[in-house]
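K.L.:
Let me give you the structure first, and then I'll get to my questions.
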Amino acid sequence: MSIRIKDVEQVAERSRLSFTEEEKEGLKDQLNNILEHVKELDEVKLEGVEPTYNILEVKNVFREDKMKPSMDREEVLMNASDTQNGCFKVPKVVE
Amino acid sequence: MEVYKLTAHEVRDKIKNKEISSKEVTESILIHIEKTDPHIGAYVSIRDEIALKRAKKVDKDIADGKEISDLGGIPMAVKDNICTAGMATTCSSKMLQNFIPPYNATVINKIYEKDSILIGKTNMDEFAMGSSTENSAFKITKNPWDTKRVPGGSSGGSAAAVASGEAFFALGSDTGGSIRQPASFCGLVGLKPTYGLVSRYGLIAYASSLDQIGPITKDVEDCALVMNAIAGYDSMDSTSANYKKVDYKKSLVKDVKGLKIGIAKEYFEEGIDYDVKKQVLASIEIFKSLGAEVEEVSLPHTKYALSAYYIIASCECSSNFARFDGIRYGFRAQGYENIKDLFIKNRTEGFGDEVKRRIMLGTYALSAGYYDQYYHKALKIRTLIKRDFDRAFEKFDLLITPTAPTTAFKIGEKTKDTLHMHMSDICTVPVNIAGVPAMSIPCGFKDGLPIGMQIIGNYFDESTILRAAYTFEKNTNYHKERPNRR
C-alpha cells in the first residue's frame, strides 16, 4: 500500500508541520520511494527474532536522590521568545 | 615552520618544552582561520577572545610549574550540535540559530578539564542529517583537498577544520557514519566509539540509540589522546556504559603479529569504487606482511542495514524532534491564531526540508498499525546485524572494510535524491546499528583525494583498533599528507 496525499496531510498534522500542495506531492513521492526501498526487509525471516532497542544491556538506570542546585532561572529563560514573571509565556491553551 | 600543520601531540611537545606558548599557538591558528576559512567554511562561530584568555591561563600554569595534560593549551573545534554554555549551539539550523545553551555537554566539561582551547563551533548538515554538509541552513563547507568537493558529513565542518589546519583536533558525532565518512573524505582519523562509551549528555539528539560522539584527528596518536579525555561513565546519560577506565595511549603499539583480521566480504561488493577497493585490499596486505592473520568473513545481513537505519533513525528523530516547539527555545514565528498554529508555524519555518522529511517518515512509520511493519521489524533486523558482528568477533579481533564507497564527491552531485545520498553511508551504517566501535584512517589516494579504510572492533575494544591503526600508520605515510588547496 502506498502513501496518498491524504496520508501525507494526516502525518503532517501529527508532526505539527504544514506543506504547500507542491511540497505534499513531492513528499508523497519521496516517502513512497523510501518505503519501496525498505520493503526489502520483508524477505528476511524474522520468526523468533527479538527486537534490539538498545545494544547495551542496561535497564532502569537510577541515580541517588541527592539535592543539588538547578540551572539558573534567568539563563534557562534566556532562550524563550516570550516570558513573564519568571515563566515561559504561551498563547491561551484552555478556553 | 607553519604551526598549523602540526599534530596535537607535536604541539603538546612544543608547548611542554617551552618552544612555543599556548597563546602563540592560538594566535597563529586564529590568523590561519582568518586567511583560510573564507575558502573552506568550516566554522559557524569563533570565540577568539575567550580562546586567547584560556590560552594565557595555560601559559601561566606552565610558568607556575604545573603539570599540564596531553591536550592542554591546544586549539580545537566542536561540532555545533554539542552544547556549549554561553556559546551559540545551532545544529546549523534556523530552528536553533539563536540558541545559547545554559549548560555544557559532558564532553565539553571534559575537554575544558584538560585545558584544551575551544576555538569555535563547526558547520554540519542540519541536525546531523546528511552526508555532505551541503544541508546546513547557513553555508556549504568545502573539502580542503578540493574546494569543488564536499568534505563529507554530517561532521563536515569538524573534518574540514582539522584537514585545513584550522584546529588541531575536533569533536564530531556519528549516527550512521558522520565522523568516519568525513574523516575518510578529508584524509583524517575519525573514531566512532562503542555506543555508550562517551557520554551523550548535551549532544542534541538525532537518533538516540545510534548517536555517539567521537574524535576527528590528524593521526592515531591524537585520537588516543582525545579518547583518554572524553571516554567514561556519566550519570547524566542513562545510556552511558559503566566500563572500566582504559588508557588508550597504551594501545599505541607497533605490533599486529597474530592479530586476526577479517575481510568483511559484503563491503567489497557492488557500489564500491574499483580504486577504493583496490587500495583497501592493498592495505590489508600490509597488515598481513606485518604478521596479522587475514581471512575473509561474511556478515550476511549487511545489505539490510541501510533500510533498517532509515527506519530506526527516522522514528527516533520524529520522537526526539517533538521537543522543538519554539516555546522554551528555538525559532519563533510571527503571527499565529492559536497555540497549535504557533507550533506548526515555528516548526514549518524553523526546520529545513531534509529534517521535515525524516520527521514525516518517522511519524508515519510509528503510526498505529505501522509500528510492527516498520520500527519493530527494523529492530529485529538490528538483532540479526548485531549477531553477524558477534559471530565475526568470536573468530576475529578486527574487521576491515572501505569507509565510504568513493572518494569525496562534487558539491551538488547528490543533493537531488536522499536515497542516493544515503548510499555513501553503506559501509558505516551497520556499525551504528550494532553499536560496535570503528575508525576510519587514511590508506591511499585517488586523483589526489584521500581514501579511507574502516577498522571495526568488538564492543569496548577501541584499544585493538588503535593498535592496528597505529601500526599501519607507522608503516605508511598517508597520514602525513596535507592538502594543498585547489
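K.L.:
Obtain the radius of gyration and the Kirkwood radius of segment B:48-182 from its C-alpha atoms and give Rg over Rh.
P.N.:
1.01
K.L.:
Mind jotting down the three principal axis lengths of segment B:275-336 based on Cα atoms? Whole angstrom, largest first.
P.N.:
The principal-axis extents, from largest down, are 68, 23, 22 Å.
K.L.:
If you line up the Cα atoms of chain B on their principal axes, what length do they span on each, largest first, in Å?
P.N.:
Largest first, chain B extends 65, 53, 45 Å along its Cα principal axes.
K.L.:
Arrange B:SER28, B:SER131, B:SER318 by Cβ neighbour counts within 10 Å, fewest through most, would you? Numbers along the way, then the final one.
P.N.:
Working: B:SER28 16, B:SER131 28, B:SER318 22.
In order of increasing Cβ crowding within 10 Å: B:SER28, B:SER318, B:SER131.
K.L.:
In Å, what is the Rg of the alpha-carbon atoms in segment B:303-376, and how long is Dmax?
P.N.:
Both quantities, over Cα of segment B:303-376: 14.2, 48 Å.
K.L.:
Near the amide H of B:SER45, under 5 Å away, which other amide H atoms are found, from residues 5 or more places off or on another chain, if H is placed in the peptide plane?
P.N.:
Under 5 Å from the amide H of B:SER45: B:LYS121.
K.L.:
Quick check on the exposure proxy: order B:PHE389, B:PHE268 from fewest to most C-beta atoms within 10 angstrom.
P.N.:
Least crowded to most crowded, the residues run B:PHE268, B:PHE389.
K.L.:
Using only DSSP helix segments of four residues or longer, with each worth -39500 (n - 2.57), what per-residue ellipticity at 222 nm results for chain B after dividing by its residue count and rounding to 500?
P.N.:
-11500 deg cm²/dmol
K.L.:
In a shell of Cβ-Cβ distance under 11 Å around B:ALA224, excluding B:ALA224 itself, what net charge do Lys and Arg (+1) and Asp and Glu (-1) give?
P.N.:
-3
K.L.:
Counting pairs of Cα atoms in segment B:131-184, how many percent are more than 18 Å apart?
P.N.:
19 percent
K.L.:
Name the residues whose placed amide hydrogens come within less than 5 Å of the amide hydrogen of B:GLY444, ignoring near sequence neighbours (fewer than 5 apart) on the same chain.
P.N.:
For B:GLY444, the qualifying residues are B:ILE451.
K.L.:
Moving to a separate point now. Relative to the compact-globule scaling 2.2 N^0.38 Å, provide the ratio for the alpha-carbon radius of gyration of the protein assembly as shown.
P.N.:
0.94
K.L.:
Among the lysines, which have Cα under 18 Å from the Cα of B:LYS386 when same-chain residues fewer than 8 positions away are ignored?
P.N.:
Partners found: A:LYS45, B:LYS192, B:LYS265, B:LYS303, B:LYS377, B:LYS395.
K.L.:
Give me B:ARG482, B:ARG54 ranked fewest to most by other Cβ atoms within 10 Å of their Cβ, as a rough exposure proxy.
P.N.:
Arranged by neighbour count, lowest to highest, B:ARG482, B:ARG54 become B:ARG482, B:ARG54.
K.L.:
Here is a follow-up. Using all Cα-Cα distances in chain A, what percent lands in each 10 angstrom bin from 0 up to the longest?
P.N.:
Binned Cα distances yield the sequence 11, 18, 19, 27, 21, 4.
K.L.:
Could you tell me how many cubic angstrom of Cα convex hull volume segment B:372-480 has per residue?
P.N.:
Taking only Cα atoms, segment B:372-480 has a hull volume of 110 Å³ per residue.
Each value in this text was obtained by applying a stated rule to the coordinates, not by laboratory testing. Quantities reported herein were computed from a predicted structural model and do not represent experimental measurements. Note that each Cβ is placed from the backbone with ideal geometry, even for glycine, and that neighbours are counted across all protein chains shown.
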